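Comments concern the structure below.
We did not get these values from a lab; they are worked out from the coordinates using the rules stated. Keep in mind that what you see is a predicted model, and the values were worked out from it rather than measured. Here Cβ is always computed from backbone atoms with ideal geometry, including for glycine, and neighbour counts include all displayed protein chains.
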Amino acid sequence: MMIDSHCHLDFPQFNSDCHETIERALSAGVVEAINSGVDYKTNLSTLALADKYDHIHATLGLGPGVAVSKSEEEISRILSRIEQNIEKAVGVGEAGLDYFHCKTDSGRARQANVFKKVIEIAETVDKPLVIHGRDAEYESLELVRHLDNVVFHCYSGSLETMNLITDAGYYISIATLVCFSKHHQNLVKHLPIKRMIIETDSPYLSPRKGRNEPAFLADSVATIAKLRGMEEMEVAKVTAQNTRRVFGL
Ligand SMILES: [Zn+2]
C-alpha cells in the first residue's frame, strides 16, 4: 500500500490512457496519489482529476518556470484562481525557485516574488506547501521557515540542506530518481525515516524506459528497502503514513 506524493497524470503524456494508468497504479498497490498543478490550465485539470477519483488528491500551484514566462496579469489570474479553489485541494504548490533553469538575477528575483505570494496563500489557508526548489533548496527553505507543513518535492540538493529541512520538521520527497542516482541513494541513507515521503513525478524521471507512471513507485520502494535494510512493506507503510500526516489525508 503505497502513496505517490507527487505526479502529473493530467499532463498530455497521459491523454490516451490516463484511466488505464490509474488502474495499473491501483493494481501495483499505489492506493492514493497527489496530483500537482503548475499553472492555470493544470490547476483546473488537477481539480477535475481529483473530482473524478476519490483516491487522487489535488494541490494547486504556480511553478517557477511559469513565474518567469507569464505576464504579471496572467500570474495574478493564476493566484486568484488558486485562492478561489484551494478548499478543494489538500495543499498549495508546486511552487518555488528553479536556479537550474533560470540563471539571471532578474528572473530569479521574479521567481522569488511570485513564490512569496504562493507562500502567503499557504500560510493564510493553513495547508501544506509543496516546493519545487531545483538548485535552490537552501534559498527556498529560507523563505518558508515560518510555515508549519512543508514538502520538498523531488529533493535533489545537498545532504547539509536536507538536514536543515528535516531539523525544521519538514518533509523530503524522494523521487524515482533514487533507482538510478547515487546522489539520491546517499540522501536516502541519511534521511530520517519520519521525514521521508516518496513520489514518481510522473510523467518524468522514469526508473524504466520512457514515460514514468505511479505504478513504478514499487521500484523506489524496493531500492529504498535495500538501502535502509528494511522490509519493502515497512517502507511503503511508513512513507504512506508520513504523506497522510503532512497532507491530512
Ligand atoms: Zn512536479
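Quick notes on this one:
- Evaluating residue 46 against the criteria (1) of a type in the set (Ser, Thr, Tyr); (2) touching a strand residue (DSSP E or B) at 6+ places or on another chain (Cβ under 6 Å); (3) surrounded by fewer than 17 Cβ atoms within 10 Å (Cβ to Cβ) leaves one unmet condition, (3).
Here's the yes/no breakdown for (1) crowded, with 16+ Cβ neighbours inside 10 Å; (2) free of Cβ contacts under 8 Å to residues at least 60 places away in the same chain; (3) within 15 Å of the ligand (Cβ to nearest atom):
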residue	(1), (2), (3)
130	yes, no, yes
146	no, yes, no
154	yes, no, yes
157	yes, yes, no
167	no, yes, no
178	yes, yes, no
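- Among the residues of the range 161-216, the ones that are within 15 Å of residue 137 (Cα to Cα), within 18 Å of the chain's Cα centre (by Cα) and not in a loop (DSSP other than H, G, I, E, B) come to 10 in all.
- Verdict on residue 193 being out of contact with any Pro (no Cβ under 9 Å at 6 or more places or on another chain), surrounded by fewer than 22 Cβ atoms within 10 Å (Cβ to Cβ), in contact (Cβ under 8 Å) with a residue 40 or more places away in the chain and under 23 Å from residue 230 (Cα atoms): yes
- Scanning the range 1-16 for residues that are within 13 Å of the ligand (Cβ to nearest atom) and in a helix (DSSP H, G or I) yields a single hit, 13.
- Some residue of the range 17-24 being in a helix (DSSP H, G or I) and under 17 Å from the mean Cα position of the chain (by Cα): no
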